[in-house]
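Everything on this sheet refers to the single structure shown next.
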Amino acid sequence: MGIQAGGAIFIPAGLKHRLGGAHVLSIYVDALSEEARALHGAEEARVIGITPADVAPIIDALHTTGHTDLQVRTGVRQALRLPDLPPPDPRLIKVIEGLRRGQMGRRELAAVVHLSPTRFSHWFVEQTGLPLRSYARWLRLTQALQHLAKGARLTDAAHEAGFSDSAHFSRTFRALLGIDPSSALAEVHLQEV
C-alpha cells in the first residue's frame with residue numbers, strides 16, 4: 001500500500017504495518033466488540049478523515065481519572081463515524097461470556113450455543129471475521145496487557161495470561177499488533193477500555 005498519512009488510518013487485523021516516529025494514538029478494536037461488527041468486511045487499509053477535534057474527546061476521556069469505557073467507546077464510535085447496529089446474535093454474547101471466563105475450548109463453546117464444533121468454527125468466523133484460535137490469542141494478549149497496566153513485570157504478565165514465556169508473549173505481541181513489545185511498552189501508557 002505504501003506510506004500513508006492522515007488524521008487516522010484504519011489497519012485491518014493481520015495486515016503487516018510499521019509506525020513512524022511520530023506520536024500515535026493506537027486504538028485496537030476487539031473482534032467481538034460492537035465497533036468490530038460495524039467495521040466487519042473492511043479488509044483493506046485506508047485513510048479515514050478524522051480531525052483533531054474528533055480525536056480530542058477520546059484523549060480527554062483517557063486522561064480523565066475515573067473515565068468509563070462508555071465515554072471512550074462513544075468517542076471512538078463518533079470519530080470513526082460508525083453506524084448503530086442491531087444487537088448481536090444472542091449466542092455470540094454467550095460465547096463472549098464463556099471466553100472471558102476461560103472456556104477457550106471449541107467443543108465447550110460449541111455446546112453452549114448448541115452447534116457442532118465444525119459448524120461453530122464456521123459460525124464464529126461469520127460473526128467476527130476471525131477464527132476462534134486467532135481470537136483466543138488476542139484475548140490472551142489483552143489479558144497480559146491488563147497485568148502490565150497494573151504494574152506486573154513482563155514475564156509475570158505473560159505467565160498469568162497463559163503464555164509459556166516472555167518470548168512467546170513478544171512473538172504474539174509483534175504478530176498481532178505489528179510492533180515490537182520492548183520498544184512499544186517502554187513508551188506506552190496502557191489503559192484498558
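Please treat every number below as a calculation from the coordinates, not as lab data. Please read all numbers here as calculations on a predicted model, not as lab measurements. Note that we place each Cβ from the backbone using ideal geometry, even for glycine, and neighbour counts take in every protein chain shown.
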| Which order do 172, 142 fall in if you start with the one that has the fewest other Cβ atoms within 10 Å? | 142, 172
| said: Cut-off is 10 Å between beta-carbons; in what order do 126, 108 appear when sorted fewest neighbours first? | reply: 126, 108
| remark: Checked region 90-129 against the a/c 1.5 cut and the a/b vs b/c comparison, axes a ≥ b ≥ c from its Cα gyration tensor; verdict oblate
| field | Stretch gain in nm, segment residue 85-residue 60, where the contour uses 0.36 nm per residue and the Cα spacing is subtracted | value | 6.4 nm
| query | Rounded, prolate or oblate: which fits region 133-178, taking a ≥ b ≥ c as square roots of the Cα gyration tensor eigenvalues, rounded meaning a/c under 1.5, else prolate when a/b beats b/c? | reply | prolate
